[in-house]
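Reviewing the structure listed below.
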Amino acid sequence: MHGYLSVAVVLIAGSLFVCGGVAVRTGWLLPWLRRRCVRPAMWGYGAVFTSAGLAVQTTYGVWDVLGGSPILETAVPMTCVLLMIAGFWFQLLATRPPLDA
């Protein structure tokens, strides 16, 4: 991936991070998410996890700042994928109705 594409992906991940932080802090969601989402804070945590995993994965893939260690070449991408999966899972659970209802 070229550097300019990674900058675009990091900007998109940053905007998702901001939306998630606002959802966690205030409970405000984007208009097209308000009808589906029943737990805005959980959706916000999922957005933060997803954006962090995406940003680190993209920047590590383009700029190897950790020195090319064989252990880190496996650990960093796996951690990023797990962060994104956890974020997607939280966002999915935020759209489900509570069990006690």
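Please work out which option in [x] 1.22; [y] 1.89; [z] 1.03 gives Cα Rg over 2.2 N^0.38 Å calculated from these coordinates, and answer with its label.
The value matching this structure is [x].
Over the chain, give the accessible area per residue in Å² for a 1.4 Å probe, as an integer. Display every interim value, and only then the final one.
On the way: 6680 Å² over 101 residues.
In whole numbers, the chain has 66 Å² accessible per residue.
To the nearest 0.05, how large is the calculated FRET efficiency for Asp100 and Leu30 if R₀ is 35 Å and r is the Cβ-Cβ distance? It would help to have the intermediate numbers written out before the result.
Values: r = 27 Å, r/R0 = 0.77.
Efficiency, from the Cβ-Cβ distance: 0.85.
Between Cys37 and residues 5 or more places away or on another chain, which pairs have amide H atoms under 5 Å apart, with H built 1.01 Å from N, and which residues are they?
none
When only Cα pairs under 8 Å and 6 or more residues apart are kept, what is the percent relative contact order across the chain? Kindly include the intermediate steps, with their values, before the conclusion.
Working: 125 pairs, mean separation 35.1, N = 101.
Relative contact order here is 35 percent.
Roughly what would the spin-label model give for Ala8 and Leu82, points 7 Å off Cα along C-beta, in nm?
3.2
Ignoring ligands, DNA and RNA, please state the percent of accessible area on the range 9-57 from carbon and sulfur, probe 1.4 Å. Don't skip to the end; give the middle numbers.
Details: 2090 of 2900 Å².
C and S fraction of accessible area: 72 percent.
Using the Cα centre of the chain as the reference point, and only Cβ charges (+1 on K/R, -1 on D/E), how large is the resulting charge dipole? Debye, rounded to the nearest 20. Could you put the intermediate results ahead of the total?
Working: 6 positive and 3 negative charges, 119 e Å.
I would put it at about 560 debye.
Mind jotting down the distance between the C-alpha centroids of the range 38-94 and the range 1-25, whole Å?
12
Output wanted: per-residue J couplings in Hz (rounded whole) for the range 81-87, from phi through Karplus 6.51 cos²θ - 1.76 cosθ + 1.60, θ = phi - 60°, x for Gly and Pro.
Running phi through 6.51 cos²θ - 1.76 cosθ + 1.60 with θ = phi - 60° gives 5, 5, 4, 5, 5, 5, x Hz.
The values are calculated or read from the model by the stated rules, or taken from the named source; none is laboratory data. Note that the structure is a prediction, hence the values are computed from the model and not measured. When we count neighbours, we look across all protein chains shown, and the Cβ atoms used for this are built from the backbone with ideal geometry, even at glycine. In case anyone asks, the SASA skips ligands and DNA or RNA and just uses the protein heavy atoms, side chains included. Shrake-Rupley method; radii C 1.70, N 1.55, O 1.52, S 1.80 Å.
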